[in-house]
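See below for the structure under consideration.
The values are calculated or read from the model by the stated rules, or taken from the named source; none is laboratory data. The shown structure was predicted, so the numbers you read here are calculated from the model rather than taken from an experiment. Cβ placement follows ideal geometry from the backbone for every residue including glycine, while neighbour counts extend to all protein chains displayed.
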């Protein structure tokens, strides 16, 4: 009888369990960027796309783009769209502006997360330039006008699931950035922010990625 057999089995079991734990830890660190990549590729959750330039093809089909804005309560800003909506042709580039005002007496850094509704339109809504690509720092009392330059991909006309879509709503929510010196976006505050983002239809993993968590 091999007296060492039980010990070898125990060692193998411990090695296997250790490997499973390591894999779970690695997956937890990778989940946010992988989920973000998945959303960008598929448009899941209304995640929009990024493009370098508008397409050459412009269709006769028109899309009305509405603009919405919310501000997390931890961010002392007023944040509003400067126009309610614009109408443009599919493939045509459009530009809209959002206004942000820092109501505090100190500089504050914010980061915007975004989505579109209906969510299935996210795959075809492309941004060329957007304030949401980077953190925004406003001095005490400062007000800025921030542009977003976009188009709707002509490929939307080839998707029968979007034949009825005539209006797309582009929504932004501004959060205090984790890199802000006065930020407290950990623990309960972070959970509350993600819950409020979920209420707005924005996946919490995108909020976590934007906040650097």
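Is it the case that some residue within the stretch 108-117 is at pLDDT below 95, farther than 12 Å from residue 77 by Cα and in a loop (DSSP other than H, G, I, E, B)? Among the residues of the stretch 108-117, not one is at pLDDT below 95, farther than 12 Å from residue 77 by Cα and in a loop (DSSP other than H, G, I, E, B), which makes the answer no. Taking the criterion of being modelled with pLDDT of 95 or more and either within 14 Å of residue 148 (Cα to Cα) or crowded, with 17+ Cβ neighbours inside 10 Å (or both), the residues of the stretch 74-83 that qualify are 75, 76, 77, 79, 80, 81, 82, 83.
Of the set (1) touching a strand residue (DSSP E or B) at 6+ places or on another chain (Cβ under 6 Å); (2) free of Cβ contacts under 8 Å to residues at least 60 places away in the same chain; (3) closer than 17 Å to residue 52 by Cβ, all apply to residue 131 but (3). Evaluating residue 213 against the criteria (1) assigned to a loop (DSSP other than H, G, I, E, B); (2) over 21 Å from residue 51 (Cβ atoms); (3) modelled with pLDDT of 95 or more leaves one unmet condition, (3).
Do the conditions hold for residue 143, that is, is it surrounded by 15 or more Cβ atoms within 10 Å (Cβ to Cβ), in contact with a strand residue (DSSP E or B) (Cβ under 6 Å, 6 or more places away or on another chain), closer than 23 Å to residue 78 by Cα and modelled with pLDDT of 95 or more? I'd like the intermediate steps shown before the answer.
Numbers: surrounded by 15 or more Cβ atoms within 10 Å (Cβ to Cβ): no; in contact with a strand residue (DSSP E or B) (Cβ under 6 Å, 6 or more places away or on another chain): yes; closer than 23 Å to residue 78 by Cα: yes; modelled with pLDDT of 95 or more: yes.
No: the conditions fail for residue 143.
Of the residues making up the stretch 89-105, not a single one is at pLDDT below 95, out of contact with any strand residue (DSSP E or B) (no Cβ under 6 Å at 6 or more places or on another chain) and either crowded, with 19+ Cβ neighbours inside 10 Å or assigned to a loop (DSSP other than H, G, I, E, B) (or both). I'd like to check something: does the stretch 48-59 contain any residue that is part of a strand (DSSP E or B), in contact with a strand residue (DSSP E or B) (Cβ under 6 Å, 6 or more places away or on another chain) and either modelled with pLDDT under 95 or loosely packed, with under 15 Cβ neighbours inside 10 Å (or both)? Among the residues of the stretch 48-59, at least one is part of a strand (DSSP E or B), in contact with a strand residue (DSSP E or B) (Cβ under 6 Å, 6 or more places away or on another chain) and either modelled with pLDDT under 95 or loosely packed, with under 15 Cβ neighbours inside 10 Å (or both), which makes the answer yes.
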